[in-house]
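Encoded as structure tokens, the structure appears first; notes follow it.
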Amino acid sequence: MKKKVYSLILRYLVIFLVGLSNLWIFYKLFTTPTIFLVSKVLGIFSKVYILQNIIIYKETIIQIIPACVAGAAYYLLFILCLSIPNLKLAKRGLILISSFAILMIINVIRIVFLVLIRSSFYFETVHLIFWYVLSTIFVVLIWILCVRLFSIKEVPVYSDILFLISNLKKKYKKSKSKSKSEKRKKP
């Protein structure tokens with residue numbers, strides 16, 4: 001039981017510490033691959049030039065800013081994965097890698113689609129729909145897919161709360177029965 005409690009504390013400590021960093025780790029990890037993959041896909045249609053976080057495509061300058069990289073979406077998947085109890089490290093790592101890879105693919109497709117419709121009258125509307133609605137739906141669908149693929153039985157955070165409540169009840173009952181037995185022993 002102590003091992004489970006230590007695991008729980010460690011998992012949530014890691015989640016907390018990663019969150020304190022303003023998600024820089026996700027932007028550091030995923031900005032370059034996002035730029036690279038977007039440029040490769042756009043390169044199918046026309047010549048592409050890259051200058052740091054800028055892609056030049058058909059005389060259009062596309063700046064990949066942190067919001068384009070979707071660091072918060074990666075962090076949400078990270079939280080969901082780390083807040084599941086009783087997973088072996090290898091399985092947890094596989095879930096993280098798989099969910100991150102799927103998000104990367106979807107994000108690259110999203111950016112390429114937006115670049116291809118950049119001259120459209122509907123660009124701003126489509127961009128806002130992606131930003132406010134579809135981004136959340138994508139993360140939820142990726143998580144549901146991972147739950148099914150990896151046969152995850154526990155519920156993030158909730159399963160940990162149930163574990164803690166169960167242990168507190170056991171300790172309470174144990175201390176209550178101990179105090180009753182001590183009262184009986186007194187003359």
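Every read-out reported here was derived from the displayed coordinates using simple, explicitly stated rules and does not represent laboratory data. None of these values were measured; they are calculated from a predicted model. Positions of Cβ are backbone-derived with ideal geometry, glycine not excepted, and every protein chain shown enters the neighbour counts.
If each residue's Cβ is checked for other Cβ atoms within 10 Å, how do 2, 171 rank with the fewest at the top? Provide the component values of the computation, followed by the final result.
On the way: 2 6, 171 10.
The fewest-first ordering by Cβ neighbours comes to 2, 171.
Given the Cα-Cα distance of residue 126 and residue 165 and 0.36 nm per residue of separation, how much length would full extension add, in nm?
Numbers: separation 39, 0.36 × 39 = 14.04 nm, distance 4.48 nm.
Roughly 9.6 nm would be gained on extension.
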Taking only pairs that are 8 or more places apart or on different chains, how many Lys pairs in segment 2-157 have Cα atoms under 17 angstrom apart?
9
The chain: calculated mean residue ellipticity at 222 nm from DSSP helix runs of at least 4, using -39500 (n - 2.57):
-23500 deg cm²/dmol
Taking the beta-carbon count within 10 Å as an exposure proxy, list 83, 166, 7 from fewest neighbours to most.
166, 7, 83
In which sequence would 148, 92, 110 go, from the one with the fewest C-beta neighbours within 10 Å to the one with the most?
148, 92, 110
Can you bin segment 94-134 into rounded, prolate or oblate? Criterion: square roots of the alpha carbon gyration tensor eigenvalues sorted a ≥ b ≥ c, rounded for a/c under 1.5, prolate for a/b above b/c, oblate for the rest.
oblate
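How would you order 120-130, 58-68 from highest to lowest mean count of nearby Cβ atoms within 10 Å? Don't skip to the answer; put the middle values down first.
Working: 120-130: 11.6, 58-68: 13.4.
The most tightly packed comes first, giving 58-68, 120-130.
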How much net charge surrounds residue 98 when only the other residues with a Cβ under 12 Å from the Cβ of residue 98 are counted, with Lys and Arg +1 and Asp and Glu -1?
+3
Just how many % of Cα pairs in the chain lie over 27 Å apart, if you round to the nearest whole percent?
45
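Between residue 157 and residue 7, what length comes free when the chain is fully extended (0.36 nm per residue of separation minus the Cα-Cα distance, one decimal in nm)? Mind showing how you got there, number by number?
Numbers: separation 150, 0.36 × 150 = 54.00 nm, distance 1.31 nm.
Between residue 157 and residue 7, full extension yields an extra 52.7 nm.
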